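A short write-up of the structure that comes next.
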Amino acid sequence: MTVKDGKIDFIQMLRGIAAVSVTIFHARGHLPSQSPFSQWLFSAASSGVDIFFMISGFIMVYTTRNSNGSFLYFSKFMLKRFARIWPMYLVLTFLYIILMLLSAYIINRVDVDPSVTDILKSLFFIPLILDKSDGPFWGGSVLHTGWTLNFEMYFYSFFAISLLFGRYKWLLFFSWVIFTLILLPSMAGNISLDPKHYYGWDWGYLNLITSPLIWEFVVGVIIGLIYFSKLRIKNTKICWLLCLLALSFTMWYFLGGINPGFGIVNWGLPYVILFSILVISSKSIEIKSPYFLVWLGNISFSLYLIHPLVIHPLANIAWEFESLRNSLQDMSYIIFLTVLSICFAAVAHEFLEKRLSNWFRDKLFTLLKIKSEGRKDVSSN
């Protein structure tokens with residue numbers, strides 16, 4: 001296991017691969033026609049969301065392992081989470097709206113024209129439509145990749161509340177999980193593991209709270225607890241064989257088109273196996289990760305949020321030039337859009353995810369008279 005600046009390299013690598021796969025999926029979506037090969041190769045690319053959720057659960061266990069249960073710790077935790085996500089999300093949401101309106105002027109077609117209510121809902125992590133059967137997106141967000149942040153912020157909130165209970169934090173955490181993911185769904189008539197399932201609650205936000213997608217965060221938490229447990233595979237050869245087996249199973253699962261779709265029993269299943277084995281094996285062997293993939297993991301949040309701003313307006317405008325249309329249907333176009341998104345993400349990571357978020361965090365701490373912890377980046381987790 002390689003740990004740098006509090007980050008586990010192979011987990012950063014997984015985050016990088018997940019962010020790139022989602023970017024490729026959205027780039028592919030702008031091709032007017034797709035070959036059977038590209039459909040086969042990229043059909044499961046959006047599954048990066050599933051591993052993102054599991055990693056989030058793991059990271060919460062990893063970064064709060066020294067929690068003292070105080071209200072100060074709880075406050076710092078929530079403020080740092082909020083400071084890492086919200087400023088950048090705010091800037092990119094408005095920039096996305098501006099870019100889409102400008103492209104609409106050029107192509108004479110409006111794809112994005114949100115109301116003030118939609119914008120406010122998005123910025124406060126409330127899905128746009130909670131009273132219709134549209135799971136797991138529930139109408140999504142103005143910046144469409146933001147739909148996953150609605151889940152992330154809910155998970156961070158109830159995880160943070162559990163920290164207030166000190167030694168009993170896991171009792172509270174899993175009690176809440178049982179209540180929201182088992183008891184409440186059973187009251188609605190049945191328990192489902194399908195994220196598309198609609199329980200039809202009168203209070204719409206309950207549809208998100210009881211969404212089966214939350215199980216992926218919970219699995220990540222459980223894997224984090226296993227990581228800090230005494231469970232270990234001492235035989236290094238067995239570790240390597242298990243890693244190879246899990247990786248090959250994951251590749252077969254996705255390329256074979258088995259159970260497509262979000263959720264713990266669909267795309268999430270091979271990730272549970274792969275992630276669990278990597279985490280347990282990393283306690284006995286060093287899983288080396290290529291520097292470039294680790295770097296992609298470092299900028300993964302920026303890449304995940306900014307790639308719609310690069311791909312959507314550019315693809316719309318480029319299609320208006322008839323001389324380009326043949327070249328816009330080639331797989332190399334997907335590669336170009338992905339690489340361009342990575343370049344913009346690198347800039348956004350430096351100036352928005354790190355500098356803006358750190359400035360915002362320090363201002364919040366000063367305003368609330370909370371002692372800041374030096375100049376550590378809020379993006380470091």
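Every read-out reported here was derived from the displayed coordinates using simple, explicitly stated rules and does not represent laboratory data. Nothing here was measured: the structure is a model prediction, and the numbers come from that model. Positions of Cβ are generated from backbone atoms using ideal geometry, with glycine treated the same way; all protein chains shown enter the neighbour counts.
Annotations for the structure displayed:
- Gyration tensor (alpha-carbon) shape descriptor, region 183-233, a/c threshold 1.5: prolate
- Helix screen, the chain: DSSP H segments with Cα axial length of 27 Å or more and mean Kyte-Doolittle hydropathy at least -0.5 are 9-28, 71-107, 236-255.
- Extreme residue, positive dipole direction of region 77-127, given options Tyr96, Met78, Leu123 (C-beta unit charges): Met78
- Computed over every Cα-Cα pair of the chain and binned at 20 Å starting from 0, the pair-distance distribution P(r) comes out as 26, 61, 13, 0 percent.
- Ascending count of other beta-carbon atoms within 10 Å, so fewest first, for Trp240, Trp252: Trp252, Trp240
- Result for the chain in a Gaussian network model with C-alpha springs under 10 Å: among Leu340, Leu303, Leu208, the largest mean-square fluctuation is at Leu340.
- Qualifying lysines (Cα of each under 20 Å from Cα of Lys76; at least 8 residues distant if same chain): Lys7, Lys169, Lys354, Lys363, Lys369, Lys371, Lys376
- Summing Lys and Arg as +1 and Asp and Glu as -1 over all other residues whose Cβ lies under 12 Å from the Cβ of Gly146 gives a net charge of -1.
- Three-way shape call for region 217-263 based on the alpha-carbon gyration tensor, with the a/c threshold at 1.5: oblate
- Cα gyration tensor shape of region 174-281, rounded if a/c is under 1.5, else prolate or oblate by comparing a/b with b/c: oblate
- Computed over the chain with a Gaussian network model linking Cα atoms closer than 10 Å, the most mobile of Trp201, Trp147, Trp86 is Trp201.
- Structure remark: mean-square fluctuation, Gaussian network model of the chain, C-alpha springs under 10 Å; the largest value among Pro114, Pro313, Pro185 belongs to Pro114.
- Per-residue packing, averaged as other Cβ atoms within 10 Å, sorts the ranges 323-331, 60-68 into the order 60-68, 323-331, beginning with the highest.
- Neighbour counts of C-beta atoms inside 10 Å place Trp215, Trp203, Trp295 in the sequence Trp203, Trp295, Trp215, starting with the fewest.
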